[in-house]
Amino acid sequence: MAPSAAGSPTTQRYAVESPSSATAQVAFFGVARRQARFPSVSGAVTINPADMARIAIDVTLDAAVLTASDDLTRDRLRGSAFFDVKRTRTVRFVGGQMRLTGPASAVVAGTLTARGVSRPVTLDVNFSRPVAQAGAAPELRLTGRTRIDRSDFGMTSYRLVVGRKVDVALDITLRPAG
C-alpha cells in the first residue's frame, strides 16, 4: 500500500464491480440441494491498514433478478413466501468488525437484512491477497460464506420441502473507488 504523507498506510476504498455474484443453497426434500444465484451485486468495501479490526463492507444483492434452475423455483423465490421482491427488492450485508484469521482471511461481523428483517451474522471472508497488501493491485477479490436460518427472516413457507439452513456465498470483484 502506498504510505500517506505521514508515513502510515492509507485507507483503501473499493467499489463492487462486475463480475460479482452471490449464491444461496438450501436442502430440498432433505436429499437434494437447490441454488439461487444473485447476478446483480453492488456496494463498497473500505479497509484501513492502520486499524485492521475495522472494515466497512456494504454489499447489496438485487433479489428481483435472482436466477434459479427453473422458472417455478425462481418465481417462488421472488414471491411473497421468500424474498417478496414486490415489497423489498434487496438483500443487504453491512459489516464493520473484522478479526483476521490469517494474512488473507478474516471473520467479519455485521448485519444481514432480507425482507425488511435485520439479523446479526458473521461472514467468513477470504481476500485474493493479504489484507495488509490490499492496495498493491488494481483489483481485489473477496469471497465470503455464511449460514443463516431462513425462518429468522420470515421465510417460513414449504417447511416440509425446503430446509431452514441456507448457505450463502459471495464472490466479489473490488476495484479502487475514485
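The values are calculated or read from the model by the stated rules, or taken from the named source; none is laboratory data. Keep in mind that what you see is a predicted model, and the values were worked out from it rather than measured. Note that each Cβ is placed from the backbone with ideal geometry, even for glycine, and that neighbours are counted across all protein chains shown. Side chains included, ligands, DNA and RNA excluded: accessible areas come from the protein's heavy atoms. Shrake-Rupley method; radii C 1.70, N 1.55, O 1.52, S 1.80 Å.
Hey, could you check the range 52-74 for residues that are of a type in the set (S, T, Y) and modelled with pLDDT of 95 or more and say which is least open to solvent (accessible area, probe 1.4 Å)? Step through it out loud before you land on a result.
Of the residues in the range 52-74, the ones of a type in the set (S, T, Y) are 60, 67, 69, 73.
After this cut, where a residue has to be modelled with pLDDT of 95 or more as well, the list is 60, 67.
Details: T60: 32, T67: 60 Å².
Once the filter is applied, the top-ranked residue is T60.
Scanning the range 150-178 for residues that are within 25 Å of A44 (Cβ to Cβ) and in a strand (DSSP E or B) turns up V166, D167, V168, A169, L170, D171, I172, T173, L174, R175, P176. Within the range 155-178, count every residue that is small (G, A, S), touching a residue at least 60 places away in the same chain (Cβ under 8 Å) and farther than 17 Å from P19 by Cα. Residues in the range 155-178 being small (G, A, S), touching a residue at least 60 places away in the same chain (Cβ under 8 Å) and farther than 17 Å from P19 by Cα: 2 in total.
For the condition closer than 19 Å to A44 by Cα and part of a loop (DSSP other than H, G, I, E, B), R129 qualifies. Residue check: is G144 in contact (Cβ under 8 Å) with a residue 12 or more places away in the chain and on the phi > 0 side of the Ramachandran plot? No. The set of residues in the range 1-30 that are at pLDDT 85 or above and under 30 Å from S157 (Cβ atoms) comprises S20, S21, A22, T23, A24, Q25, V26, A27, F28, F29.
All of (1) of a type in the set (A, V, I, L, M, F, W, C); (2) exposed (fewer than 13 other Cβ atoms within 10 Å of the Cβ); (3) over 17 Å from the mean Cα position of the chain (by Cα) hold for A132 with one exception: (2). For first residues located in the range 92-116 and on the phi > 0 side of the Ramachandran plot and open to solvent by 30 Å² or more (accessible area, probe 1.4 Å), partners that are among the polar types (S, T, N, Q) and modelled with pLDDT of 95 or more and lie 6+ apart or on another chain with Cβ distances below 9 Å form the pairs R115/T88; G116/T88.
Name every residue in the range 24-51 that is farther than 18 Å from F93 by Cβ, touching a residue at least 60 places away in the same chain (Cβ under 8 Å) and open to solvent by 40 Å² or more (accessible area, probe 1.4 Å), in order of residue number. Matches in the range 24-51: F28, F29, G30, R34.
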